[in-house]
Amino acid sequence: MKRTAIALAALIGSGTFVSAETVTPDNVVMDEYGSIEASLTGVAGDPAAGAEVMSSRGLGNCVACHQVSALSAAFQGNVGPSLDGAADRWEEAQLRGIVSNAKMTFPDSVMPSFYKTSGFIRPGNAFTGKAAEGALEPLLTAQQIEDVVAYLATLKE
Amino acid sequence: MTTTKLLKTAGLVAVLAYASSASAQDDSQLVINGEIEMITEVATQDYIGGLKTAYSGWRFRNSDMQAMQLDDFENPAAIAVDEGLASWSKVDGSEGKSCASCHEDLEASMAGVRAVYPKWNEEAGAVMTLASQINNCRTEQMGAEAWKYDGTEMTGMEAVISLQSRGMPVNVAVDGPAHDAWLKGEEIYYTRYGQLELSCANCHEDNADNYIRADHLSQGQINGFPAFRLKTGGLVQVQNRFKGCIRDTRAETFKPGSEEFVALELYVASRGNGLSVEAPSVRP
């Protein structure tokens, strides 16, 4: 029953749908180095979905700043380090922590925090330039974070 | 002279002379119309802590785009400059005056003005931008309505006034009574706004010359404003550009003409003190 509900949540893939297993941004347990041990959803990440999130401008758009040779997305940026071989350098928990809130691992990072909903200065209503109304959604859903982590875990050299 | 040429060339097409390559650190020379030598690289002042050398945004553009600024025959801002020139001598408001009624000759009266704005205005007790000074003239001297701060009329007028300083070094004052505003601008420059938590410095100081997808990040220098943006096909007012940048951090922006943006404009201008006034420039 519970599995069905979780599977349904994954299918719906909605940012507003929070299953009983989903850890909300304010309840993420992070260690002192910025790692997150536990899955945010309890549902295994889908690497193919993660690759899509990383490539799409309307989703994570990770390739805006990072080069990933295995992705076909055009015009990959160089603001951040290349992610080739990321899985050789980082454990899954570290990757989950960096994708969720990189500043807890790298204090001076310019990387946006993809699973965080509070503590911003003049937060806006998406890209309208107007003030945010009500609670903010994280930039990626919990499952999208898990999908990205699953994809990153495939990047071995 | 340069105004005349930019006006005459509106709508005409000439053969492009392509520059070689485009990277901030190459030694491309910007010489407009074969005669105005522009400074596109200069050592910054000591008060700019995070930046040793200022580069004009022109240095970050590809050779096709650079070429559009080499000759006024190629500069698509010519039409807006034409409109700005027309409104310079157009009577408006209750006093029956135009800009020319008081300032007379455009070239003689406006040479060097753009280079020192924003600047402190004693009477107003505040830092004023070129745009706020233009509106002050309109409401206080002409009895006319203020223009929209970043609207077409304002931007065209800024362009035609800026053109009289083209090639002169930017030289805004950061000390004296303007210092408080300058400090406020500096603070804004380094504040990480919005849900993406990005400051001006994160992109334009820490990552100038890097790429965000296809966007080649410049230093965000404003010596070329108002700039003709190919993306929007029109002249863009500098504070309108600030607004767009802050919006893109998923933040609530400040308004063009606000105290915050005036302070930011003064500070960002000072990061490019010594670069040539380049307006109207051509940018992506």
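Coordinate-derived values only; no laboratory data. Here the structure is a predicted model, which means the values were calculated and not measured. Note: ideal-geometry Cβ built from the backbone for every residue, glycine included; neighbour counts use all protein chains shown.
Here are some notes:
- Cα gyration tensor shape for chain B, rounded if a/c is under 1.5, else prolate or oblate: oblate
- Backbone N under 20 Å from the B:ASP248 label point (7 Å along Cα→Cβ), restricted to the stretch B:46-88: B:55-66
- Average partner coverage of B:246-257, which counts Cβ from other chains inside 10 Å: 5
- Positive-end extreme of charge dipole, the stretch A:20-152 - chosen from A:GLY34, A:GLY85, A:ALA102 (charges on Cβ): A:ALA102
- Taking only the Cα atoms of the stretch B:236-284, the ratio Rg/Rh comes out at 0.99, with Rh defined as the Kirkwood radius.
- Per-residue average of Cβ from other chains inside 10 Å of B:209-219: 4
- Stretched out straight at 0.36 nm per residue, the stretch from B:ALA67 to B:THR53 would grow longer than its current Cα-Cα span by 2.7 nm.
- Cβ charges +1 (Lys, Arg) and -1 (Asp, Glu), total dipole of the protein assembly as shown, debye: 780
- Cα pair distances exceeding 33 angstrom across the protein assembly as shown, given as percent: 43
- Protection proxy ranking of B:263-269, B:99-105, A:26-32 - average other beta-carbon atoms within 10 Å, highest first: B:263-269, B:99-105, A:26-32
- When the alpha carbon gyration tensor of the stretch B:126-283 is reduced to an equivalent ellipsoid, its three semi-axes come out at 24, 18, 17 angstrom, largest first.
- Over all orientations, the stretch B:46-141 has a Cα convex hull whose mean projected area works out to 9.2 square nanometres.
- The protein assembly as shown - share of DSSP beta bridges that are antiparallel (%, nearest 5): 85
- When the Cα positions of B:TRP88, B:ALA78, B:CYS102 are compared along the charge dipole of the stretch B:78-163, B:ALA78 comes out farthest toward the positive end, with charges on each C-beta of Lys, Arg, Asp and Glu.
- Size of electric dipole in the stretch A:20-152: Cβ of Lys, Arg +1 and of Asp, Glu -1, about Cα centre, debye, nearest 20: 600
- Cα gyration tensor category, rounded, prolate or oblate, for the stretch B:168-214 with a/c compared to 1.5: oblate
- Quarter of Cα convex hull surface for the stretch A:20-152, i.e. mean projection, nm²: 8.4
- Peptide A:116-127 is shielded by partner chain Cβ atoms: per residue, an average of 6 of them sit within 10 Å of its Cβ.
- Efficiency of FRET between A:ALA44 and B:LYS255 - r from beta-carbon atoms, R0 60 angstrom, step 0.05: 0.80
- Note on the stretch B:78-163: dipole from Cβ charges, positive end direction compared against B:MET154, B:ASN136, B:ALA126; the farthest Cα belongs to B:ALA126.
- Estimated from the Cβ-Cβ distance and a Förster radius of 22 angstrom, the FRET efficiency linking A:ASP84 and B:ARG213 is about 0.80.
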